[in-house]
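Here's the structure we're looking at; comments come further down.
The values are calculated or read from the model by the stated rules, or taken from the named source; none is laboratory data. It should be emphasised that the depicted structure is a prediction, and the values quoted were computed from it without experimental measurement. Cβ coordinates were reconstructed from backbone atoms using ideal geometry, including for glycine residues, and neighbour counts include every protein chain displayed. Quick note on the areas: whole protein, heavy atoms, side chains included, nothing else; ligands and nucleic acids left out. Shrake-Rupley method; radii C 1.70, N 1.55, O 1.52, S 1.80 Å.
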Amino acid sequence: MDALIISNFLLWGVVLCLVLVILALSRQIGVLYERVAPMGALTMDKGPGVGEAAPRFELSDLLGRRVTIGERGQHSQLLFFLSPTCPVCKKLLPILKSVASTESAWLRIVLASDGEMPEHLAFYKQAGLERFPYLLSAELGMKFQISKLPYAVLMDESGILRAKGLINSREQLESLFTAKELGVASVQDFLAAGNLEETRISRKESGNAMAG
């Protein structure tokens, strides 16, 4: 009888220890998530600010098509600055193509750079970028004060700049979309509130609903 009582006490002791271990692990997982939480696009404090009207440009792309930057319309506009000699830019091209398809209901992507036409035209065709307008304009880059690549600027349907930053991954690119939806200058502001995952789930559900 005494042995049974002792074994029950030991069993409850083990259960209590396991509960304490689980609670400790849960806390550590939360801390780890905060430490490795995905970073949004790095915003450079240069050029037109978020919430301001984007500079308006009317230009011709590599194929002679007329393109207007910062115009009012039915779609938001992502201006993506890149270079044929930028390895990260090349890595992001498949991501841009994918995003152009998945976000086509509300977004149009425009590529931008500067330099000599032959080099960019060869790059444009070799990379299969004909679906995107591709602008060559040093003035465009200077107006937005682009100093590092790849860099993206997101403008809404009213031509208002909603988000911008250096882009090194799909996650950082999509952080611009999240910032626009939340009405914040950058996703870092929202990360501090700890609500990013909920917003991602909402965006994914919305995308699935549209696809359906």
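Looking across region 68-99 at every residue that is among the basic types (K, R) and at pLDDT 95 or above, the one that is most open to solvent (accessible area, probe 1.4 Å) is identified as K91. Checked against the criterion of being open to solvent by less than 20 Å² (accessible area, probe 1.4 Å) and acidic (D, E), region 48-67 has at least one qualifying residue.
So, F81, is that one aromatic (F, W, Y), in contact with a Cys (Cβ under 9 Å, 6 or more places away or on another chain) and in contact (Cβ under 8 Å) with a residue 24 or more places away in the chain or not? Yes. Filtering region 143-186 to residues that are under 22 Å from T102 (Cβ atoms) and of a type in the set (D, E, K, R) leaves D156, E157, R162, K164, R170, E171, E174, K180, E181. Sub-9 Å Cβ pairs linking a first residue in region 110-137 that is more than 18 Å from K97 (Cα to Cα) and among the polar types (S, T, N, Q) to a second residue that is open to solvent by 80 Å² or more (accessible area, probe 1.4 Å) and modelled with pLDDT under 95, at least 6 apart or interchain, number zero.
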